[in-house]
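The structure under discussion appears below in the form of structure tokens.
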Amino acid sequence: MMQTYDLQANGLRELNAALHAQANDTNQTSWEIVNPRGSHAVAVGLDAPIEVSVKGSTGYYTAGMNKQATVHVHGSAGPGVAENMMSGTVVVEGDASQYAGATGHGGLLVIKGNASSRCGISMKGINIVVHGNVGHMSAFMAQSGNLVVCGDAGDALGDSIYEARLFVRGSVKSLGADCIEKEMRPEHIEILRDLLDRAGSDAKPEEFKRYGSARQLYNFKIDNAY
């Protein structure tokens, strides 16, 4: 049965406490949050296989540290949506502000609109699919996982990247330090096809280019010393 929670009337602390109280055997598996009105830290720290639908836009750190849950924002999200996400799924129907999916370890983040700067910064295993564009410094120091951009990417994409895979269908304004275009092999096509399907995108994997680490920053080189 759907649980409806009026955030304006009942408050954020009570909402998150109720969501945190859901154990793996709960029968309150479906939640609808109304009147979010840009509130910060909505549905953070969840750790149960529940579904949370937010009817409106949210502020900072929506669905941060998510584990197991599916959180669907029917609006836009402020900075740090799905920050440090561990598992589960977070979907933003609108746009996302800066550092979406930062430091995420797992799970899937889908942004149906555009993402601002530093999308996927220091990502550590999360999968991020952006239907629109991403801003500058996206995937900065990205360690593992996949960032899929169906639109364009801004300056310094993948700066100081480790072993994450970046797929961009549109143009890239510039690549960051140690980030290069790489061969798109059959296994990458399959990874991308699966992510696009899961994210509800009709983009074709063959339309994308892959970017990753040139692996020139891993070791100290005396020529780089001043």
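Just so you know, all these numbers are worked out from the coordinates, no wet-lab data involved. Every value quoted in this text rests on a predicted model; they were computed, and no experiment measured them. Cβ: placed from backbone, ideal geometry, glycine included. Neighbour counts: every protein chain shown.
Report the net charge of residues surrounding LYS182, where surrounding means a beta-carbon distance below 13 angstrom and charges are Lys +1, Arg +1, Asp -1, Glu -1.
Local net charge: 0.
So for SER213, SER160, fewest C-beta neighbours within 10 Å to most, what's the order?
In order of increasing Cβ crowding within 10 Å: SER160, SER213.
Within the range 33-47, name every residue whose backbone N is under 18 Å away from a label modeled 7 Å from Cα of MET1 along the Cβ vector.
In the range 33-47, the label zone of MET1 (backbone N under 18 Å from the point 7 Å along Cα→Cβ) covers 33.
Going by C-beta contacts inside 10 Å, put GLU83, GLU93, GLU187, GLU14 in order with the fewest on the left.
Going from least to most buried by this count: GLU187, GLU14, GLU93, GLU83.
Roughly how many nanometres apart are two label points built 7 Å out from the Cα toward the Cβ at ALA9 and ARG37?
Distance between label points: 1.3 nm.
Per the Kirkwood treatment, what hydrodynamic radius in Å, one decimal, follows for the chain from the mean inverse distance over all distinct Cα pairs?
17.6
May I ask for the angle, rounded to the nearest 10°, between helix 186-198 and the longest principal axis of the chain, with both axes built from Cα atoms and the value confined to 0 to 90°?
Taking Cα atoms only, the helix is inclined about 20 degrees.
What does the charge add up to near VAL110, with Lys and Arg as +1, Asp and Glu as -1, over the other residues with Cβ less than 12 Å from its Cβ?
With Lys, Arg at +1 and Asp, Glu at -1, the net is 0.
Efficiency by 1/(1 + (r/R0)^6): what FRET value for ASP197 and LYS173, r their Cβ-Cβ distance, R0 = 35 Å, to the nearest 0.05?
Once rounded, the FRET efficiency stands at 0.80.
Pick from ARG118, ARG198, ARG169: which residue has the top mean-square fluctuation in a GNM of the chain where Cα pairs under 10 Å get a spring?
Result: ARG198 has the largest fluctuation of those listed.
Tell me, what is the percent relative contact order of the range 113-192, built from C-alpha pairs under 8 Å that lie six or more residues apart?
Relative contact order for the range 113-192 comes out at 24 percent.
Give a quick list of trypsin sites (Lys or Arg not before Pro) in the range 1-62 that DSSP marks as loop, anything other than H, G, I, E or B, with at most 14 other Cβ atoms within 10 Å.
Passing both the DSSP loop test and the Cβ count: ARG37.
Which of the pairs LYS55/LYS173; LYS124/LYS173; LYS182/LYS204; LYS55/LYS182 have their Cα atoms more than 29 Å apart in this structure?
Too far apart for the 29 Å limit: LYS55/LYS173; LYS55/LYS182.
What FRET efficiency comes out for GLU207 versus GLN143 if R0 is 35 angstrom and r is the Cβ-Cβ distance? Round to the nearest 0.05.
E between GLU207 and GLN143, to the nearest 0.05, is 0.85.
Quick check on the chain: helices-only [θ] at 222 nm, where DSSP H runs of length 4 and up contribute -39,500 (n - 2.57) each and the sum goes over total residues. Nearest 500, please.
Rounded to the nearest 500, it is -3000 deg cm²/dmol.
Taking the Cα centre of each part, how many Å lie between the range 6-54 and the range 115-183?
Value for the Cα centre distance between the two parts: 31 Å.
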